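Structure first, commentary second.
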Amino acid sequence: MYITYKYGFKFHEVAGTLLWYHLVGGHLWIFSGALQQPPRWIEAGGLVDVKTSTGQFVARGYYNPRTDIAIRILTHSIEEPIDIEFLRRHICSAMELRHVLDVTQTNMYRLIHAEGDGLPGLVVDRYADILVAQIHTAGMEHLQPLLVDALMTETGAHGLLLRNDGQARRREGLEVEEPLAVAGEVPEQIAVRENGVQFLVDPWQGQKTGFFIDQRDKRQAMRKYAQGKRVLNCFSYTGGFSVYAALSSPTTSVTSVDISAAAIEKAQQHFALNNLDPDAHRFVVADVFDYLEQAQSMEEQFDVVILDPPAFAKTQGARAQALKAYRRLNMLGMQVVRPGGMLLTCSCSGVVGLDDLLGFLSQAAQRLHRSVQLLEVYTHSVDHPVNLAMPETAYLKAVFCRVG
Ligand code: SAH
């Protein structure tokens, strides 16, 4: 099936040269200010060819007159139509990359990571035989029928659930929808494993697509620090880090704290699923900030503290406020680490960099007269590839350190 390109339009003369390098370097976004005459008449999500002011073909992508990112590029080749074969090629390339994961140990991973896999606006997570997709842009929404077909045939999945329930869709002019099974059967719970640890994922109602699969390698790294220790897992969600920590040794005790009662209940189930006695551990439904303040006032201390908060800033505009929250959190978290204990601190806000995160740690250390040794720094794992030309799409940072 072919979609034809009705429109071509040109870059702004001045911005053109800069943009040329930016795009030839592999960046996939063109901002509206760079276009000579942003064409208001093209429908949101329509396919376009982009040319220089001298008429030279640059790239092909989809357009949205409503958003600052006016065009997201799909191909730099004039020969390449955006059709089902295009989608198949990208899906196969993404699958090939994930073959490095040992499926006997890990059968949940991100299959398509948007720009990182050359498919802007699309995230697909695989949970055993089920795919859960999120479409973030109008352009990708237009491709949805082809996409469903290509994903089902290439992956051999048994079902595909669309989780188009993110509020960010409104910016693109898209509806926020109820989860919808668009192919095959999608159960309420999917039994999965990650590094050999068992979990039950709820693709219909779980946060994001059901699980925070981007922490897989950090959870694995945590095992060695948790053996026989008192561990505090803040923002535990369904207990990903908690189960790994508890499995590291029968003498480890884990406290999991999350504001969501449903998540904490699921965390308890995950302990039982992995033959751990939930009664030997603590599960707390609370605001982490309140919990940490209270723990500090009671002079409670832990050997290992994990801080994996939600994204406090989703946009540049929210950054200043978010920095305050991260600063406060890292300070509160460090206060309850016993001298010589471990701290794992994370940020999944794209607008907060690794330098910011290290800054929170050093500010907290100075104020609390503690010393910090950096041990391990992580970003994403192999199933969350980042396009080198688009460092701004890297969002996750995680730092393991020892606090003296
Ligand atoms: N570490 C988790 C993922 C954390 S996601 C994992 O490995 O799976 C962020 C979690 O923070 C969500 O479960 C959300 O319910 C919780 N949350 C958000 N704000 C909170 C707050 N103020 N206090 C406690 N939990 C909070």
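The values are calculated or read from the model by the stated rules, or taken from the named source; none is laboratory data. Everything numeric here is computed off the predicted structure, so don't read it as measured data. So basically every Cβ, Gly included, is an ideal-geometry build from the backbone, and we count neighbours across all protein chains shown.
Residue check, LEU361 against (1) touching a helix residue (DSSP H, G or I) at 6+ places or on another chain (Cβ under 9 Å); (2) within 15 Å of the ligand (Cβ to nearest atom); (3) under 17 Å from VAL399 (Cα atoms), all met but one. Which one?
Here LEU361 clears every test but (2).
Of all the residues that make up region 161-178, how many are among the hydrophobic types (A, V, I, L, M, F, W, C) and in contact with a strand residue (DSSP E or B) (Cβ under 7 Å, 6 or more places away or on another chain)?
2
Look at THR251 and say whether it is at pLDDT 95 or above and either closer than 16 Å to VAL288 by Cβ or within 11 Å of the ligand (Cβ to nearest atom) (or both).
The answer is no for THR251.
Filter region 365-402 for residues that are among the basic types (Lys, Arg) and in a strand (DSSP E or B); which is nearest to the chain's Cα centre (by Cα)?
Of everything passing the filter in region 365-402, LYS397 is nearest to the chain's Cα centre (by Cα).
With the requirement that a residue be near the ligand (Cβ under 8 Å from one of its atoms) and under 17 Å from PHE400 (Cβ atoms), what does region 224-237 give you?
ASN233, CYS234, PHE235, listed by residue number.
Need the failing condition index for LEU388 against (1) within 25 Å of LYS224 (Cα to Cα); (2) touching a residue at least 60 places away in the same chain (Cβ under 8 Å), just the number.
Only one criterion in (1) within 25 Å of LYS224 (Cα to Cα); (2) touching a residue at least 60 places away in the same chain (Cβ under 8 Å) is unmet by LEU388, namely (1).
Just checking, which of GLY210, GLY240 is near the ligand (Cβ under 8 Å from one of its atoms), in contact (Cβ under 8 Å) with a residue 40 or more places away in the chain and over 20 Å from GLY341 (Cβ atoms)?
Result: GLY240 is the single residue among GLY210, GLY240 that is near the ligand (Cβ under 8 Å from one of its atoms), in contact (Cβ under 8 Å) with a residue 40 or more places away in the chain and over 20 Å from GLY341 (Cβ atoms).
Conditions (1) among the hydroxyl-bearing types (Ser, Thr, Tyr); (2) under 20 Å from the mean Cα position of the chain (by Cα); (3) in a strand (DSSP E or B), marked per residue:
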{"residue": "THR153", "(1), (2), (3)": "yes, no, no"}
{"residue": "LEU160", "(1), (2), (3)": "no, yes, yes"}
{"residue": "ARG170", "(1), (2), (3)": "no, yes, no"}
{"residue": "LEU174", "(1), (2), (3)": "no, no, no"}
{"residue": "GLU188", "(1), (2), (3)": "no, no, no"}
{"residue": "GLN205", "(1), (2), (3)": "no, yes, no"}
{"residue": "THR209", "(1), (2), (3)": "yes, yes, no"}
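Matching residues to (1) polar (S, T, N, Q); (2) at pLDDT below 95:
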residue: THR315; (1), (2): yes, yes
residue: TYR326; (1), (2): no, no
residue: LEU332; (1), (2): no, no
residue: PRO339; (1), (2): no, no
residue: MET342; (1), (2): no, no
residue: THR345; (1), (2): yes, no
residue: LEU358; (1), (2): no, no
residue: ARG367; (1), (2): no, no
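Out of region 388-404, which residues are of a type outside the set (Phe, Trp, Tyr) and either at positive phi or at pLDDT below 95 (or both)?
LEU388, ALA389, MET390, PRO391, GLU392, THR393, ALA394 - these are the residues of region 388-404 that are of a type outside the set (Phe, Trp, Tyr) and either at positive phi or at pLDDT below 95 (or both).
Residue under question is ALA221, and the condition is that it be small (Gly, Ala, Ser), more than 13 Å from the ligand (Cβ to nearest atom) and either modelled with pLDDT of 95 or more or on the phi > 0 side of the Ramachandran plot (or both); does it hold?
no
For region 223-249, name all the residues that are part of a helix (DSSP H, G or I) and surrounded by 23 or more Cβ atoms within 10 Å (Cβ to Cβ).
ALA226, GLY240, PHE241, SER242, VAL243, TYR244, ALA245, ALA246
Listed residues ALA325, ALA318, ALA267; which is within 14 Å of the ligand (Cβ to nearest atom), under 21 Å from the mean Cα position of the chain (by Cα) and either acidic (Asp, Glu) or surrounded by fewer than 21 Cβ atoms within 10 Å (Cβ to Cβ) (or both)?
ALA325
Here's a check for you: in region 333-355, which residue that is surrounded by fewer than 18 Cβ atoms within 10 Å (Cβ to Cβ) and outside any loop (DSSP other than H, G, I, E, B) is nearest to the ligand (Cβ to nearest atom)?
Filtering region 333-355 for residues that are surrounded by fewer than 18 Cβ atoms within 10 Å (Cβ to Cβ) and outside any loop (DSSP other than H, G, I, E, B), the one nearest to the ligand (Cβ to nearest atom) comes out as LEU354.
Out of ASP303, ASP290, ASP279, report the one residue that is free of Cβ contacts under 8 Å to residues at least 60 places away in the same chain, away from the ligand (no atom under 13 Å from the Cβ) and surrounded by fewer than 20 Cβ atoms within 10 Å (Cβ to Cβ).
After ruling out the rest, the residue left standing is ASP279.
Is region 332-350 home to any residue that is more than 24 Å from ALA221 (Cβ to Cβ) and under 19 Å from the mean Cα position of the chain (by Cα)?
The answer is no; no qualifying residue exists.
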